[in-house]
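Peer 1: Before anything else, here's the structure in question.
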Amino acid sequence: MNTTFYVRRLHSLCGLLFLGAVLFEHIFTNSTALLGPEGLDSALAMMELIPKPIFYCLEIGCIAVPLLFHGIYGIYIALQAKNNPGHYGYVRNWQFALQRWTAWYLVVFLIWHIFYLRIYLKGIMGHPINYALLDSYLSNPIVFILYLLAMVAACFHFCNGITTFCMTWGIAKGPRVQNVISVLSMLLCVGLCLVVLAFMLHYVIM
Amino acid sequence: MAENKKKVTLIIERQDGPKEKPYKQTFEVDYRPGLNIVAALMEIQKNPVTKDGKRVAPVVWECNCLEKVCGACMMVINGRARQACASLVDNLEQPITLAPARTFPVIRDLLIDRSVMFESLKRIQGWINVEGSWDMPDAPRQNPYTAQTAYEISHCMTCGCCLEACPNVGPQSDFIGAGPTVQAYLFNINPIGKYDEPKRLEALMGKGGITSCGNSQNCVEVCPKNIKLTTYLAQLNRDVNKHALANIFNK
């Protein structure tokens, strides 16, 4: 049985569907911080309304498992590349290299992010995640910059992933349609980054 | 006036054997209009003396047709994979650097062993089983439009530029590269070759097959024959996905 193909395609689907949804959920929920403490806290309270067993199933089945699979198999994929945009400085080759560099950053960042916020603070210490906590957390400029970088990296990785998804699934075949999709997904990336910048700066300015 | 003659400087990455350490040597050859890299290497072969006046072993490289058809003289010129015979000195920034395409095993100096591509062509079944001989009215028909595509892909001379430029081809990976992959499509669109399409798609689904493509698209940029490699890779991706769906739901 030829598993390479199926595992590889599963990696692609996992990233686009599950992790894309996780990214959108994060951007959407966190953007409610623009409405002030009440905005974010009520959005987080809505999530608390999900019954705990279902919530844990979603967390494990739709976040943890896809993330671990995509991350671990992704490391294996990234190790097969010898990035060469210095010699072949085409836009797509830069995007190819950036896809892998953002991936490395996100692997390290997500270990810190998940272990500190989800497992240590929320899980072990029982500290609820709310506006006040994030406000004081992000007031540390190093944390702020590392989080901002991670969000930009995740937005790029996801949006460039849409382009490569369309190529690897044979949806976009010719150069014209591939270019159109690439430009559209980079515009989406810019849009997402602006939203991220807006709600993150909101913590610092307010 | 011989001293005032314009010179061309070449910095060549050399290697005495497959396991030896690479080193660099600088050579100077007389400039002449229309000089290409193969001709410059021939000048060095006639008088293998470095810029510092040291007599050395002549530089080894490979070339055949001298008209960008055979693919043998592919090397890395100024950091970019291309054919030495079609690289005019006038179009290159000086000093010109020459290096072997290290995606392939280096035999000596600029000479590389490209037989891995032949193995890949065997793997994807890059041939038509029995074309047979046919009387005119019974012969399988070639669609003229498909034939145009086939003609384009058949220009591939397995030079290996696409493999050298690809970040996913090399000792760190088992990807067979764009050129050999796209050859599968050439034989899939042949009226007789299409009967073996499932076999070729199965081969492409294996380790190091089409799934190892990471869409850097360097291949289509460097292809000296201007084959629309990324278009055919996407078409093969489509075919492979359909084949996989059939595998899942037909068994």
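The values are calculated or read from the model by the stated rules, or taken from the named source; none is laboratory data. As the structure is a prediction and not an experimental result, all values here were calculated from the model. Positions of Cβ are generated from backbone atoms using ideal geometry, with glycine treated the same way; all protein chains shown enter the neighbour counts. Please note that ligands, DNA and RNA were not included when accessible areas were found on the heavy atoms of the full protein model with its side chains. Shrake-Rupley method; radii C 1.70, N 1.55, O 1.52, S 1.80 Å.
Peer 1: List pairs: first residue in segment B:125-154 and under 28 Å from B:VAL69 (Cα atoms), second residue open to solvent by 50 Å² or more (accessible area, probe 1.4 Å) anywhere in the structure, Cβ distance under 7 angstrom, at least six positions apart or on different chains.
Peer 2: Within 7 Å, the pairs are B:GLN125/B:LYS199.
Peer 1: Of all the residues that make up segment B:220-250, how many are within 30 Å of B:ARG80 (Cα to Cα) and of a type outside the set (Gly, Ala, Ser)?
Peer 2: Just the residues of segment B:220-250 that are within 30 Å of B:ARG80 (Cα to Cα), to begin with: B:220-237.
Next, only the ones that are of a type outside the set (Gly, Ala, Ser) stay: B:220-233, B:235-237.
So the count comes out to 17.
Peer 1: What is the residue count in segment A:175-206 for residues that are free of Cβ contacts under 8 Å to residues at least 24 places away in the same chain and open to solvent by 20 Å² or more (accessible area, probe 1.4 Å)?
Peer 2: So the first thing to find is which residues in segment A:175-206 are free of Cβ contacts under 8 Å to residues at least 24 places away in the same chain, and the list is A:175-181, A:183-184, A:187, A:190-191, A:194, A:201, A:205.
With the extra rule that they be open to solvent by 20 Å² or more (accessible area, probe 1.4 Å), the set shrinks to A:175-177, A:179-181, A:183-184, A:187, A:190-191, A:194, A:201, A:205.
Matching residues across segment A:175-206 total 14.
Peer 1: Quick check on my filter: what residues within segment B:17-33 are in contact with a Ser or Thr (Cβ under 6 Å, 6 or more places away or on another chain) and charged (D, E, K, R)?
Peer 2: Within segment B:17-33, B:GLU28 is the sole residue that qualifies.
Peer 1: With respect to B:ASN226, determine if the residue is within 22 Å of B:ALA81 (Cβ to Cβ), open to solvent by less than 10 Å² (accessible area, probe 1.4 Å) and out of contact with any Gly (no Cβ under 8 Å at 6 or more places or on another chain).
Peer 2: On the way: within 22 Å of B:ALA81 (Cβ to Cβ): yes; open to solvent by less than 10 Å² (accessible area, probe 1.4 Å): no; out of contact with any Gly (no Cβ under 8 Å at 6 or more places or on another chain): yes.
In short, no.
Peer 1: Whether any residue in segment A:44-53 is surrounded by fewer than 13 Cβ atoms within 10 Å (Cβ to Cβ) and of a type in the set (D, E, K, R) is what I want to check.
Peer 2: Looking for residues that are surrounded by fewer than 13 Cβ atoms within 10 Å (Cβ to Cβ) and of a type in the set (D, E, K, R), one finds at least one in segment A:44-53, hence yes.
Peer 1: Applying the selection to segment A:54-90, what residues are part of a loop (DSSP other than H, G, I, E, B) and open to solvent by 30 Å² or more (accessible area, probe 1.4 Å)? Steps first, answer last, please.
Peer 2: First pass over segment A:54-90, keeping only residues part of a loop (DSSP other than H, G, I, E, B): A:79-90.
Matches in segment A:54-90: A:LEU79, A:LYS82, A:ASN83, A:GLY86, A:HIS87, A:GLY89, A:TYR90.
Peer 1: Look at A:PRO175 and say whether it is modelled with pLDDT under 95 and more than 23 Å from A:LEU19 (Cβ to Cβ).
Peer 2: Details: modelled with pLDDT under 95: no; more than 23 Å from A:LEU19 (Cβ to Cβ): yes.
In short, no.
Peer 1: Something else now. Determine which member of the set B:GLU152, B:GLU131 is at pLDDT 95 or above, open to solvent by 20 Å² or more (accessible area, probe 1.4 Å) and more than 9 Å from chain A (Cβ to nearest Cβ).
Peer 2: Numbers: B:GLU131 fails: at pLDDT 95 or above.
That would be B:GLU152, the only listed residue that is at pLDDT 95 or above, open to solvent by 20 Å² or more (accessible area, probe 1.4 Å) and more than 9 Å from chain A (Cβ to nearest Cβ).
Peer 1: Further question on the same structure: Can you give me the ranges of the strands (runs of 3 or more DSSP E) entirely in segment B:1-115 with at least 2 residues that are open to solvent by less than 50 Å² (accessible area, probe 1.4 Å) and closer than 22 Å to B:CYS156 by Cβ? Full working, then the answer.
Peer 2: Numbers: elements: B:7-14, B:23-30, B:74-77, B:80-83, B:96-99, B:106-108.
The strands (runs of 3 or more DSSP E) meeting that bar are B:74-77, B:80-83.
Peer 1: Also, I was wondering about something else. From the list B:GLY170, B:GLY160, B:GLY206, B:GLY214, which residue is more than 7 Å from every other protein chain (Cβ to nearest Cβ), surrounded by 14 or more Cβ atoms within 10 Å (Cβ to Cβ) and small (Gly, Ala, Ser)?
Peer 2: Details: B:GLY170 fails: more than 7 Å from every other protein chain (Cβ to nearest Cβ); B:GLY206 fails: more than 7 Å from every other protein chain (Cβ to nearest Cβ); B:GLY214 fails: more than 7 Å from every other protein chain (Cβ to nearest Cβ).
Exactly one residue qualifies, and that residue is B:GLY160.
Peer 1: Could you tell me how many of the residues in segment A:72-86 are in contact with a helix residue (DSSP H, G or I) (Cβ under 8 Å, 6 or more places away or on another chain) and either at the interface with another protein chain (Cβ under 7 Å from one of its Cβ atoms) or under 14 Å from B:THR103 (Cβ atoms) (or both)?
Peer 2: 4
Peer 1: On the basis of being touching a residue at least 24 places away in the same chain (Cβ under 8 Å) and within 14 Å of chain A (Cβ to nearest Cβ), does B:ARG82 make the cut? Walk me through how you get there before you give the answer.
Peer 2: On the way: touching a residue at least 24 places away in the same chain (Cβ under 8 Å): yes; within 14 Å of chain A (Cβ to nearest Cβ): yes.
Here the answer is yes, as B:ARG82 does meet what is asked.
Peer 1: If you don't mind, there's one more thing I want to ask. Go through segment A:113-170 residue by residue and tally those that are over 20 Å from A:ALA45 (Cα atoms), exposed (fewer than 15 other Cβ atoms within 10 Å of the Cβ) and either in contact (Cβ under 8 Å) with a residue 40 or more places away in the chain or within 14 Å of chain B (Cβ to nearest Cβ) (or both).
Peer 2: 2
Peer 1: Out of all the residues in segment B:173-195, which are open to solvent by less than 10 Å² (accessible area, probe 1.4 Å) and modelled with pLDDT under 95?
Peer 2: Passing the criteria: only B:GLY193.
Peer 1: Then there's this: Please go through segment A:1-33 and give me each residue that is over 23 Å from B:ILE248 (Cβ atoms) and surrounded by 15 or more Cβ atoms within 10 Å (Cβ to Cβ), ordered by number. Before the answer, list the steps.
Peer 2: First pass over segment A:1-33, keeping only residues over 23 Å from B:ILE248 (Cβ atoms): A:19-33.
Correct list: A:LEU19, A:GLY20, A:VAL22, A:LEU23, A:ILE27, A:THR29, A:ASN30, A:SER31, A:THR32, A:ALA33.
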